[in-house]
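Have a look at the structure below, then the notes.
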Amino acid sequence: RKLHAEMTDLNSLGIEVRYLAYPRAGVDSSSGKKTTAAWCAKDRKTALTRLKRGENLPANKCDDMRFQRHYALGSELGVTGTPAIILPDGTLIAGYKPAEDFARDLGL
C-alpha cells in the first residue's frame with residue numbers, strides 16, 4: 001500500500017513514473033526468474049502485485065526480450081540498486097526519496 005500511496009503522491013505533484021525491470025542480481029538470478037515470471041504473465045499488473053506481496057508465481061518464460069533490454073539499459077546507465085531514478089537528462093538518483101523531497105529537487 002505504501003508504494004501505491006507514493007506513486008499517487010508523485011503523480012499528484014505532476015511527476016510521471018515509468019518502470020523498467022531491473023533485478024539487481026541479474027536476469028538469471030532468483031529475482032530475475034521471479035521478474036521473468038511476472039513479465040511473461042498474461043496479467044503483468046496482477047502478477048507484479050502478487051510478487052510485491054511476497055507470493056510465489058509459477059515459472060514462466062516468453063520470447064519478449066524487453067525485460068532483458070531493460071536490464072541492459074539499467075546496467076549501461078549505472079544502476080547498481082533499486083530504487084533508482086533516471087531523469088530525462090540522464091541524471092541518476094540512487095535510493096528512495098519521499099515524493100515531496102523529489103518534487104522539491106525537481107523544482108516543482
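Set the Förster radius R0 to 22 Å, insert the Cβ-Cβ distance between Thr8 and Arg104 as r into 1/(1 + (r/R0)^6), and round the FRET efficiency to 0.05. Calculated value: 0.80.
Karplus-derived 3J(HN,Hα) values for region 63-78, using 6.51 cos²θ - 1.76 cosθ + 1.60 with θ = phi - 60°, are 8, 6, 8, 4, 4, 5, 5, 4, 4, 4, 5, x, 5, 5, 7, x Hz; glycine and proline are entered as x. You can think of it this way: the chain between Lys52 and Asp28 has 6.7 nm of extra reach, that is 0.36 nm per residue less the Cα-Cα gap. Each residue of region 47-60 was assigned a 3J(HN,Hα) from its phi angle through the Karplus expression (A = 6.51, B = -1.76, C = 1.60, θ = phi - 60°), giving 4, 5, 4, 4, 4, 4, 7, x, 7, 8, 10, x, 4, 8 Hz with x at Gly and Pro. Among the trypsin sites (Lys or Arg not before Pro) found in region 4-50, those both in a DSSP coil and sparsely packed, with 16 or fewer other Cβ atoms within 10 Å of their Cβ, are Arg18, Arg24, Lys42. Largest first, the residues Met7, Met65 sort by 1.4 Å accessible area into Met65, Met7. Spin-label model, Ala59/Ala94: points 7 Å from Cα along the beta carbon direction are separated by 3.3 nm.
Of the peptides 88-95, 73-80, the order by per-residue mean of other Cβ atoms within 10 Å, starting with the highest, comes out as 73-80, 88-95. Largest first, the residues Glu6, Glu16 sort by 1.4 Å accessible area into Glu16, Glu6. All alpha carbon pair distances within region 17-98 were sorted into 5 Å bins beginning at 0; the resulting P(r) in whole percents reads 3, 14, 25, 25, 17, 12, 4, 0.
In this structure the chain gives 73 Å² per residue of accessible area when probed at 1.4 Å with all protein chains present. Potential lengthening of the chain between Arg18 and Leu87 amounts to 23.8 nm, from the contour at 0.36 nm per residue minus the alpha-carbon distance. Protein heavy-atom surface of the chain, 1.4 angstrom probe: 53% of the accessible area is carbon and sulfur, with nucleic acids and ligands not counted.
The values are calculated or read from the model by the stated rules, or taken from the named source; none is laboratory data. It should be emphasised that the depicted structure is a prediction, and the values quoted were computed from it without experimental measurement. Glycine also receives a Cβ, built like all others from the backbone with ideal geometry; neighbour counts cover every protein chain displayed. Just so you know, the surface numbers come from the protein's heavy atoms only, side chains and all, with ligands and any DNA or RNA stripped out. Shrake-Rupley method; radii C 1.70, N 1.55, O 1.52, S 1.80 Å.
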